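We did not get these values from a lab; they are worked out from the coordinates using the rules stated. Bear in mind that the values here come from a model prediction, so they are computed numbers and not experimental data. Because the Cβ atoms are built from the backbone with ideal geometry, glycine has one as well, and the counts that use them run over all protein chains shown.
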């Protein structure tokens, strides 16, 4: 008796709906999906070259436009004490009103470069700061940092 009830339900499902109950079929015209944020992303790339031949430190800046947030997604960098000592490079931004400084590169008398994917934010109207320094009494240092990311309009 149980089996005849199941068979009746299966036959009813096929005749009414055209499919057996519980059967999934691919859509003939699947729904199109789009990223609604895509149009708001404005690609940006820039480089900063802090350097000094008279001081053991220096900074270079990128101004984040008013009304836009900067999102840094990638950087490549190199820093060098031009007299042969150690040097370092930091990248600083202000996000949500708080300044943060990220160590990008520290070397010991070599010229190796670093490349890094990341997610660093900078508020509208603030600056991105690349700061280079040397690790001794030397008076010369230089760095190069190439930055890639995007700007987003804020209300």
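For this structure, a couple of remarks:
- Model label points for residue 153 and residue 59, set 7 angstrom from Cα along the Cα-to-Cβ axis, are 3.1 nm apart.
- Each residue, residue 139 and residue 118, gets one label point 7 Å from its Cα in the Cβ direction; the gap between the two is 3.1 nm.
- For the stretch 43-153, the relative contact order is 47 percent, taking Cα pairs closer than 8 Å that sit 6 or more residues apart in sequence and dividing their mean separation by the residue count.
- By average C-beta atoms within 10 angstrom, highest first, the peptides 97-106, 51-60: 51-60, 97-106
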